[in-house]
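Comments concern the structure below.
The values are calculated or read from the model by the stated rules, or taken from the named source; none is laboratory data. All figures in this text were calculated on a predicted structure; none of them were measured in a lab. Cβ coordinates were reconstructed from backbone atoms using ideal geometry, including for glycine residues, and neighbour counts include every protein chain displayed. Accessible surface is based on the protein model in full, side chains and every heavy atom, while ligands, DNA and RNA are left aside. Shrake-Rupley method; radii C 1.70, N 1.55, O 1.52, S 1.80 Å.
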Amino acid sequence: MEEFIRGLPKAELHLHIEGTFEPQLMFEIAKRNHISIPFSSVKEIEAAYEFDCLQDFLDIYYQGAQVLIKEQDFYDLTYSYLKKCAEQNVRHTEIMFDPQTHTERGISFETVISGINKACRDAQRDLGISSLLIMSYLRHLSEEAAFTTLKESLPFKEHITAIGLDSSEKGNPPSKFKKVFEASVAEGYIALAHAGEEGNADYVWEAIDILNIKRIDHGNNALQDPELVTEIINRDMALTVCPLSNKALQVVSDLKAHPLKKMMDLGLKVTVNSDDPAYFGGQVNQNYHEIHKALNLSKKDLYELAKNSFNYSLLNENKKKTYLDELESYYLTNK
Ligand code: HPA
Ligand code: ZN
């Protein structure tokens with residue numbers, strides 16, 4: 001099965017580029033930028049990655065991102081993630097980045113997006129992986145701050161496909177960002193948002209009704225409300241589910257208690273993703289593998305999940321079809 005998962009063509013639709021920052025690279029970049037970090041070894045860093053909840057993780061995640069200063073740093077971070085994609089037969093990826101984590105420290109929007117974008121362009125050329133970018137607003141900051149970011153993004157609009165909403169969910173409902181989402185969509189960005197990771201079903205309702213999102217990041221707590229589940233199915237929206245993240249942040253007590261199979265059985269369109277692989281103990285294939293083991297998923301289930309990853313990507317229909325054909329022929333010869 002490990003072999004089947006490794007070769008399975010797939011797309012990754014939910015990952016934060018700052019969350020792919022492996023300790024080894026963090027040390028290297030900290031050193032060349034002469035920034036001290038409060039850890040003296042990779043082992044010490046890894047030992048600090050024990051979380052009780054989302055906020056615990058976010059505190060460490062924002063701290064790690066502080067060593068990213070130059071365009072080359074953002075390039076190296078992104079290219080290193082894309083190399084891992086190539087090893088896992090991730091054919092397409094939709095990368096979230098948090099501009100405010102950097103602009104708040106005086107790093108320009110241009111530095112951030114140029115580094116990320118050049119790495120994506122080189123990976124398309126050298127590794128054959130397609131990618132697109134999702135600019136995420138930090139929900140613990142104000143709507144006004146998100147408006148500033150929207151404005152800063154406009155000269156680089158051609159490189160950005162969608163907007164997202166991430167960071168501390170509880171106490172920061174989607175409705176807080178109604179106006180900036182409307183303005184972003186008017187600029188041509190597609191709306192996505194994290195909802196129902198720690199927040200309840202009412203936050204998912206707000207995300208779909210008030211922010212008009214096209215895909216739900218996480219969405220676990222949608223299961224609290226059967227009417228909401230029906231609505232998500234009727235609107236044909238996918239959930240980008242992140243099993244190892246859910247385990248690490250104690251959204252589920254154990255992978256065996258993960259609702260992924262239940263979601264599929266209810267008719268929800270589910271995809272499997274790594275979220276923040278450097279912090280949660282595994283890349284996307286590890287997520288496929290561990291959830292398969294915990295829930296006894298069949299090859300057909302895994303095929304379904306990979307199919308959803310292309311079908312619910314933001315690619316145009318032509319590109320979707322190319323990847324889906326590749327996936328189907330892989331499945332038919334390896335099932
Ligand atoms: N949830 C919210 N914000 C985040 C996450 C997450 O899982 N990862 C990075 N920012
Ligand atoms: Zn996330």
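Which whole-number percentage describes the relative contact order of segment 181-290, with Cα contacts under 8 Å and a sequence gap of 6 or more? Don't skip to the answer; put the middle values down first.
Values: 160 pairs, mean separation 22.5, N = 110.
Taking the mean separation of contacting Cα pairs over the length of segment 181-290, I get 20 percent.
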Select from K179, K31, K269 the residue whose mean-square fluctuation is largest in a Gaussian network model of the chain (Cα-Cα springs shorter than 10 Å). K31
Sequence order, segment 249-256: Karplus ³J(HN,Hα) from phi using 6.51 cos²θ - 1.76 cosθ + 1.60, θ = phi - 60°, Hz rounded, Gly and Pro as x, gives 9, 6, 6, 10, 6, 6, 4, 5
Given an 8 Å cut-off on Cα distances and at least 6 residues of separation, report the relative contact order of segment 2-334 as a percent. 20
For segment 140-246, how big is Rg over Rh, using alpha carbon atoms and the Kirkwood form of Rh? 0.97
In nm, spacing of pseudo-spin labels at E182 and K31 (7 Å Cα→C-beta vector): 5.2
Cross-link candidates for K178: which lysines have Cα within less than 26 Å, leaving aside residues fewer than 8 places away along the same chain? K151, K157, K170, K214, K269
Computed accessible area, R235, all protein chains, 1.4 angstrom probe, square angstrom: 90
Working from the alpha-carbon coordinates of the chain, get Rg over Rh, Rh being the Kirkwood radius. 0.94
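Quantify, in whole percent, the carbon and sulfur part of the accessible surface of segment 98-205 (1.4 Å probe; protein heavy atoms only). Intermediate values should be presented prior to the final figure.
Values: 2040 of 4110 Å².
Its accessible area is 50 percent carbon and sulfur atoms.
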I need the phi-derived Karplus couplings for segment 314-328: 6.51 cos²θ - 1.76 cosθ + 1.60, θ = phi - 60°, integer Hz, Gly and Pro marked x. 9, 6, 6, 4, 4, 5, 4, 5, 4, 5, 5, 5, 4, 5, 4
Rounded if a/c is under 1.5, else prolate if a/b beats b/c, else oblate: with a ≥ b ≥ c from the C-alpha gyration tensor eigenvalues square-rooted, which is segment 14-173? rounded
Work out from phi, with θ = phi - 60° and the Karplus expression 6.51 cos²θ - 1.76 cosθ + 1.60, the ³J(HN,Hα) of each residue of segment 47-64, listed in order in whole Hz, and give x for Gly and Pro. 5, 6, 8, 10, 10, 9, 6, 4, 4, 3, 5, 4, 4, 6, 5, 5, 5, x
Out of residues 5 or more away from A238 or on other chains, whose amide H comes under 5 Å of its own, with H placed 1.01 Å from N in the peptide plane? I216
Distance in nm between pseudo-label sites at K157 and L332 (7 Å out along the Cβ direction from Cα): 4.3
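Could you look at segment 23-65 and say what percent of its accessible area is carbon and sulfur, using a 1.4 Å probe and all protein chains?
On the way: 1300 of 2470 Å².
C and S atoms contribute 53 percent here.
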With every protein chain left in place and a probe of 1.4 Å, what is the accessible surface of L255, to the nearest 10 Å²? 10
To the nearest 0.05, the calculated FRET efficiency linking S142 and K262 through their beta-carbon distance, R0 being 41 Å, is 0.65
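Find how much the distance from Q66 to R105 grows on full extension, using 0.36 nm per residue of separation minus their present alpha carbon separation; answer in nm with one decimal.
Length gained, Q66 through R105: 13.2 nm.
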Among the lysines, select those whose C-alpha is under 24 Å from the C-alpha of K31, and discard any that sit fewer than 8 residues away in the same chain. K43, K70, K83, K84, K118
Could you run the Debye sum over the Cα atoms of segment 230-311, one equal point scatterer each and no solvent, and tell me log10 of I(q)/I(0) at q = 0.26 Å⁻¹, two decimals? -1.37
At 1.4 Å probe radius, can you tell me the per residue accessible area of the chain in Å²? 41
Built amide H within the under 5 Å cut-off of Y137, gap 5+: G164, L165, D166
Under a crude label model (7 Å from the Cα following the beta-carbon direction), how far is D52 from K299 in nanometres? 4.5
